Amino acid sequence: MFETTRLFVLLLLSAACVAQPLPEWATSFGSETPFGKSTHLTGFGMSVAETSVSAALDAAKTQAAADLIKKIQVTVTSQISSAAKEVDGTYSSVFTSVAQSISTLRIENIEFKTASDAKTQYALAVIERARLVESYIEKAKVAYATLSSAKQHAEKSEQQKNTGLALEQYSATLPLFAELLEAITLVRVLSGKALEGKDIGAGTAPSALQTVAALKQEIQAKINQLFQKPAATLDDAVAIAVQRLQLQGVKSGDVQVADFTYQDSDFSSTFGAYVARKLDRQLAASAEKDNEKKLIKGSYWERGASIELAMLVQRLDGAKLGGVDIVLPKTAVPADLDVKPKNFEQALLDQQTIAANGLVDGGIGVEVWTNKGRDASRMVFEEGDNVELYFRLNQPAFLQLTYLLSTGQKVLLEEKFYIGIDKVNQVVKFPTKLVCSAPFGVERLIVSAFSAEPPKPNVRLEKIEGEDYEVLTESLAKMLSTTRGLKKDAQTKVRIGEASLSITTMKRFR
């Protein structure tokens with residue numbers, strides 16, 4: 001009798017455990033959490049356990065952390081222009097480097113809440129804003145102190161006429177600037193506080209951002225003066241860039257070079273793509289190699305009769321390894337290369353429209369990339385190239401795909417492409433075949449995700465290159481406000497997500 005009773009109790013306890021309801025943060029896919037948005041940052045992930053429960057839980061945690069980080073990245077992108085207003089326009093390339101470095105952002109000490117049901121593992125990534133802000137202020141202090149010390153050593157070497165050592169020491173400060181500017185920007189984004197000089201140990205300067213930006217320009221001028229090798233041609237500029245990276249300890253090997261972008265835009269051109277290829281080939285020919293995976297992102301700026309090339313080297317874990325700024329005459333740009341994309345004005349306007357009031361947290365985490373790779377958000381495709389699209393979501397959703405052609409037309413590429421729970425946290429390839437063709441220029445893919453079937457936008461049939469397409473009749477701003485507005489309507493309770501991809505298309509060249 002005793003044994004039977006004990007067994008019955010155990011069965012009841014087991015059933016109670018199985019029947020335990022999921023917490024609200026899991027049933028709402030991370031939309032409703034016990035943490036206030038003003039005090040905490042959160043991210044949601046889920047994964048179906050096909051074979052291993054522990055593997056599914058790890059995947060859910062990874063996705064939740066990525067969702068949290070993406071919210072920060074979107075906020076930085078949308079606020080970077082307001083930060084730039086703190087300083088003179090000549091410092092614009094400083095902020096582009098911040099936007100590029102943030103693409104590999106990593107955050108430590110994220111905590112997780114977990115839950116599970118029959119086959120699915122759920123994770124909520126959580127970190128306290130104040131704690132994260134304090135960590136970045138501390139990073140900024142350490143980076144500035146290290147930078148100041150390195151500058152003093154370089155100045156001493158310069159005074160002692162040890163030009164080679166001074167050049168090496170000045171060059172070694174450049175990765176520190178990337179770390180420092182990133183930390184200052186993140187403090188501003190996460191807390192709304194613009195750091196002063198005293199906050200990072202830089203004296204009484206009213207703006208830490210302005211102080212650091214000016215100091216970077218000062219050191220860059222020193223490097224150019226000591227290097228004594230002005231770049232007369234594009235080949236010169238690329239060769240000098242590799243030499244300067246080597247001075248900072250950066251070796252070639254497993255390096256991905258992203259297409260250089262035009263100024264503070266998120267798109268490239270034939271010139272930007274050509275610079276990236278030349279740099280890639282020059283690095284490949286270098287004798288100093290290692291197996292460390294690295295990513296180089298760069299931009300180029302029109303400065304009167306000159307072109308400034310700015311680049312940043314990072315490890316895939318976000319560590320900054322090196323940076324270079326080089327100026328060359330505009331006459332060094334090959335005549336058959338476009339510095340600006342042909343539809344530059346419209347492309348820049350579209351970028352600003354998408355960034356304005358960017359959707360930071362609509363409830364659905366969306367990732368999109370192409371067959372050109374997932375580590376760089378800007379891609380160049382040449383005529384005849386196949387364009388393959390890949391998605392990953394942190395929950396089931398319908399995807400609506402809108403493609404902005406270089407002509408300004410907005411094509412409804414897909415009305416409601418569904419990704420079910422069995423494909424959550426997995427790579428999903430878009431089945432439609434796409435091929436790069438004329439007209440060329442900057443084009444964009446906007447991916448809108450919905451937890452319920454989305455409303456179909458107003459469209460009309462138009463012939464494009466002999467094919468019938470559904471083209472949106474409303475403006476880009478109106479389209480975005482309609483989809484983003486669903487989140488604000490409490491009655492619909494629709495979760496939404498958004499991601500965009502800039503694609504530069506061009507004729508095949510060189």
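The values are calculated or read from the model by the stated rules, or taken from the named source; none is laboratory data. It should be emphasised that the depicted structure is a prediction, and the values quoted were computed from it without experimental measurement. Ideal geometry is used to build each Cβ from the backbone, glycine not excepted, and the neighbour counts take in all protein chains shown.
Points to keep in mind about this one:
- Count - residues of region 268-294 that are aliphatic (A, V, I, L, M) and surrounded by fewer than 13 Cβ atoms within 10 Å (Cβ to Cβ): 3
- Among the residues of region 278-309, those identified as touching a residue at least 24 places away in the same chain (Cβ under 8 Å) and basic (Lys, Arg) are LYS278, LYS289, LYS293, LYS294, LYS297, ARG303.
- Boolean, GLY272 is in a helix (DSSP H, G or I), of a type outside the set (Lys, Arg) and in contact (Cβ under 8 Å) with a residue 60 or more places away in the chain: yes
- Only residues that are of a type in the set (Val, Ile, Thr) and free of Cβ contacts under 8 Å to residues at least 24 places away in the same chain were counted across region 165-220, and they come to 2.
- The condition of being crowded, with 22+ Cβ neighbours inside 10 Å and over 28 Å from VAL333 (Cα atoms) holds for only one of LEU180, LEU215, LEU245, LEU190, that being LEU180.
Residues are listed down the side, and each one gets a yes or a no for (1) closer than 30 Å to LYS119 by Cα; (2) under 20 Å from the mean Cα position of the chain (by Cα); (3) in a helix (DSSP H, G or I):
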residue	(1), (2), (3)
GLU345	no, no, yes
ASP350	no, yes, yes
THR353	no, yes, yes
VAL411	no, no, no
LYS416	yes, no, no
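- For beta carbons closer than 8 Å, sequence separation of 6+ or different chains, a first residue in region 94-111 that is on the phi > 0 side of the Ramachandran plot and a second that is at pLDDT 85 or above and not in a helix (DSSP H, G or I), the qualifying pairs are ASN109/ILE127.
- The set of residues in region 433-463 that are within 25 Å of GLU383 (Cα to Cα) and charged (D, E, K, R) comprises LYS433, GLU443, ARG444, GLU462, LYS463.
- Residues satisfying the stated conditions in region 145-164, i.e. touching a residue at least 60 places away in the same chain (Cβ under 8 Å) and either touching a Leu at 6+ places or on another chain (Cβ under 6 Å) or not assigned by TED's automatic domain parsing to the domain that holds SER191 (or both): LEU147, THR163
- Given (1) over 18 Å from PHE440 (Cβ atoms); (2) in contact with a Phe, Trp or Tyr (Cβ under 8 Å, 6 or more places away or on another chain); (3) not assigned by TED's automatic domain parsing to the domain that holds ALA143, number of the condition ILE354 does not satisfy: (2)
- The set of residues from region 233-285 being more than 24 Å from the chain's Cα centre (by Cα), modelled with pLDDT under 90 and farther than 23 Å from PRO175 by Cβ comprises just one member, ALA285.
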